[in-house]
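Below is one structure, written out as structure tokens; the observations come after it.
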Amino acid sequence: MKISFKKAFTLGVLAFVCHTAYGKTITYDTDLAVVGGGSVGLAAAVTGAEAGLHVIVLEKNPYLGGSSNFAEGLFAVESDYQRGKSYGLTKDQAYEHIMEYSHFNNNAALEREFVDESADNLRWLNKFGVEFNVVQISPKEPQTWHLIQTRQQWVHGAALVTALQTAAQKDGVKFMMRTPAQSLIYEKGRVSGVRAKDHKGNDVVINAKAVIIGTGGFGNSPEKINEWTHFDGKAFRPTLPLNKTGDGIQMGRDVGAAHEGETLMLHPGTQGKGIVPLGNIYTMTWQPANIWVNAHGDRFVDETVAFSFAHAGNAIGRQKDHYAWAIFDQAELDHAKNDGIDNGVGVLVPVMTKLSNIDNEIKNALAVNSESFKQANNIEQLAKEISVPVKNLKQAYESYNYAAKTHYDEAFNKDRVWLHPIDNGKLYAVKLMPYHFTSVGGLRINPKMEVVNTDDAPIKGLYAGGNDVAGLYSDTYTLWASGHAFGFATYSGRKAAQNAINEIKSGK
Ligand SMILES: Cc1cc2nc3c(=O)[nH]c(=O)nc-3n(C[C@H](O)[C@H](O)[C@H](O)COP(=O)(O)OP(=O)(O)OC[C@H]3O[C@@H](n4cnc5c(N)ncnc54)[C@H](O)[C@@H]3O)c2cc1C
């Protein structure tokens, strides 16, 4: 065995390289090891580096940012942006509402601090050139969604990710890409580092005074979804293939961390032959004037639930075999094509977008006999196309059209504004399935972002945030506080680092 010693890239970080017959073990000594280069990890890294700590970030993917690249807006209340619009929602009101929504099944102290500091969180991001515009995510929710403004060539969350990445690099943070963390080093009752494997197959050992976990949850592992939640990991699919497989949560659990509240942030969607992800057919599934029927051909909900994507995901997910059909007629299709959509898919497909490519997409979907898109000349034919009992579908269709004509939906009290008759021209059906933007829940933490064990005692040296932690939601993500997940991710990364800095400086 040959041991060499070299100075690492980052000032003050030492790397020992130990060659063995099976590859190298590379050892680093640092102050702060950050696991995951999403918004938790980047906010933690910048905060640590600003305070003069030596920081190493381990990232599993060849790129930074995880789902933070795609997210659009952050929650905040009493923000400068809301004040600028004379929007008067208060911290107390927001906190009370979130607690009620969660049935007090969340960590009240953690939630309170997050709500109270949410506006300051945006001010901190402003320092790096991240700017916002506050909007309502849907007509049913208040204005808490602070949309990230385009910065240089970067849009949505990528603008925030690249701004923090630039700041971190300037402050000397060392990034190790394609180097997934595998386990925590736990000795003498405290976490003192992390083990990883780099893309060349080398073992990486990072000895650190504190470790912050932000690996973004377990949404891309059907196995973990089956094991940790009540959902079927095959039927409830992730929005994007982001390689987030619960690594950080597992690593925490392996050293005795308590865990709780594992669930999914659901939303409706569709996929299948000839269906373009986030394309025009996909976008039709989010429209409030559709009629939704389940595998029995029965209507099952007020379809304006589409305005609250998490609720819509719940409603679809609990139907037989976890799917439904969104049905609309030619008139609704023409409205979306010519006037624009009534409900945006976030701002990935903004409200009022004109679905100008829908005829092409329909042509393509029909040409490949898509299992998820069907067209018919009448309701009997449509029932056959989507394999539901004709009698039930006819009943659902006729009573819906009657409700539309009388402006009262006896079945589900759908708002008459969206209760349009579906009897004009061709009929279309798109298969609706439950997807999830991310998992939520995981490691149990306290308001200092310290990971705690089953006695609620902090595991020394270990912090976590974002989608890897629990205590924020009950069974369903609160869209009322839209942007909560992304706002919390950046906030929790900062907060974890601030407390780690205090711990390191106090020498405890
Ligand atoms: C399309 C989309 C839109 C969204 N829009 C919004 C929105 O507008 N508002 C909102 O509040 N939320 C939104 N969300 C959710 C939001 O993106 C997340 O809550 C937030 O970004 C989580 O940040 P994070 O740092 O916890 O995880 P991530 O940003 O996903 O970062 C985790 C990182 O850890 C890395 N990693 C994983 N395992 C390891 C390992 N073993 N070792 C090292 N690194 C590892 C991953 O590769 C990733 O880079 C959206 C999600 C999606 C998919």
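Worth pointing out:
- Within segment 91-109, considering residues that are open to solvent by less than 50 Å² (accessible area, probe 1.4 Å) and in a helix (DSSP H, G or I), the one nearest to K448 (Cα to Cα): A108
- Residue check, V130 assigned to a loop (DSSP other than H, G, I, E, B), touching a Ser or Thr at 6+ places or on another chain (Cβ under 8 Å) and closer than 29 Å to N502 by Cα: no
- Condition check for L160: open to solvent by less than 40 Å² (accessible area, probe 1.4 Å), within 11 Å of the ligand (Cβ to nearest atom), assigned to a helix (DSSP H, G or I) and under 23 Å from V451 (Cβ atoms): no
- For segment 3-26, the count of residues that are over 24 Å from the mean Cα position of the chain (by Cα), modelled with pLDDT of 95 or more, more than 11 Å from the ligand (Cβ to nearest atom) and in a strand (DSSP E or B) is nonzero.
- Checking each residue in segment 423-461 for being among the aliphatic types (A, V, I, L, M) and closer than 19 Å to N280 by Cα picks out L427, A429, V430, L432, M433.
- Residue that is open to solvent by less than 30 Å² (accessible area, probe 1.4 Å) and in contact with a strand residue (DSSP E or B) (Cβ under 8 Å, 6 or more places away or on another chain), where the choices are G233, G201, G193, G189: G193
- Of the residues making up segment 217-230, those that are within 17 Å of V469 (Cβ to Cβ) and either touching a strand residue (DSSP E or B) at 6+ places or on another chain (Cβ under 7 Å) or assigned to a strand (DSSP E or B) (or both) are G217, F218, G219, W228, T229.
Conditions (1) of a type in the set (A, V, I, L, M); (2) within 16 Å of the ligand (Cβ to nearest atom); (3) surrounded by 18 or more Cβ atoms within 10 Å (Cβ to Cβ), marked per residue:
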residue: E410; (1), (2), (3): no, no, no
residue: Y428; (1), (2), (3): no, no, yes
residue: T454; (1), (2), (3): no, no, no
residue: Y477; (1), (2), (3): no, yes, yes
residue: R494; (1), (2), (3): no, yes, yes
residue: I504; (1), (2), (3): yes, no, yes
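- Residues that are within 30 Å of D329 (Cα to Cα) and more than 17 Å from the chain's Cα centre (by Cα), drawn from segment 236-276: T270, Q271, G272, K273, G274, I275, V276
- Residue match in segment 387-406 (condition: over 30 Å from E111 (Cα atoms), of a type in the set (A, V, I, L, M) and open to solvent by 50 Å² or more (accessible area, probe 1.4 Å)): yes
- Search result, residues across segment 237-256 that are farther than 23 Å from P62 by Cα and touching a Leu at 6+ places or on another chain (Cβ under 6 Å): G252, V255
- Neighbours by Cβ (under 8 Å, 6+ apart or cross-chain): first from segment 450-461, over 21 Å from I501 (Cβ atoms); second aliphatic (A, V, I, L, M): N453/A257; N453/A258; N453/I459; T454/A258; D456/A258
- Residues considered: G297, G279, G274, G313. Of these, the only one that is in contact with a Pro (Cβ under 9 Å, 6 or more places away or on another chain) and closer than 16 Å to A429 by Cα is G297.
- Total residues in segment 198-251, condition more than 11 Å from the ligand (Cβ to nearest atom), hydroxyl-bearing (S, T, Y) and either touching a Lys or Arg at 6+ places or on another chain (Cβ under 7 Å) or at pLDDT below 95 (or both): 0
- The numbered conditions (1) touching a helix residue (DSSP H, G or I) at 6+ places or on another chain (Cβ under 8 Å); (2) open to solvent by 60 Å² or more (accessible area, probe 1.4 Å); (3) under 22 Å from T478 (Cα atoms) are all true for R444 except (1).
- Extreme residue, modelled with the lowest pLDDT, among residues of segment 125-153 that are under 19 Å from the mean Cα position of the chain (by Cα) and surrounded by fewer than 16 Cβ atoms within 10 Å (Cβ to Cβ): Q136
- Looking only at segment 44-83, and only at residues there that are over 21 Å from V205 (Cα atoms), away from the ligand (no atom under 11 Å from the Cβ) and not in a loop (DSSP other than H, G, I, E, B), the one that is most open to solvent (accessible area, probe 1.4 Å): R83
- Subset of segment 315-354 [away from the ligand (no atom under 16 Å from the Cβ), crowded, with 17+ Cβ neighbours inside 10 Å and of a type in the set (S, T, N, Q)]: Q319
- Segment 236-277, residues that are open to solvent by less than 10 Å² (accessible area, probe 1.4 Å), under 28 Å from N364 (Cα atoms), assigned to a loop (DSSP other than H, G, I, E, B) and not β-branched (V, I, T): F236
- Number of the exception - E141 against (1) among the acidic types (D, E); (2) more than 22 Å from P350 (Cα to Cα); (3) touching a Phe, Trp or Tyr at 6+ places or on another chain (Cβ under 9 Å): (2)
- Filtering segment 288-300 for residues that are modelled with pLDDT under 95 and of a type in the set (A, V, I, L, M) leaves an empty set.
- So E117, is it more than 27 Å from N343 (Cα to Cα) and within 11 Å of the ligand (Cβ to nearest atom): no
The values are calculated or read from the model by the stated rules, or taken from the named source; none is laboratory data. Fair warning: this is a prediction, and the values are worked out from it, not measured in the lab. Please note: Cβ atoms are built from the backbone with ideal geometry, for glycine as well, and neighbour counts cover all protein chains shown. The protein model used for the area step is the full one, side chains on, heavy atoms only, and it has no ligands, DNA or RNA in it. Shrake-Rupley method; radii C 1.70, N 1.55, O 1.52, S 1.80 Å.
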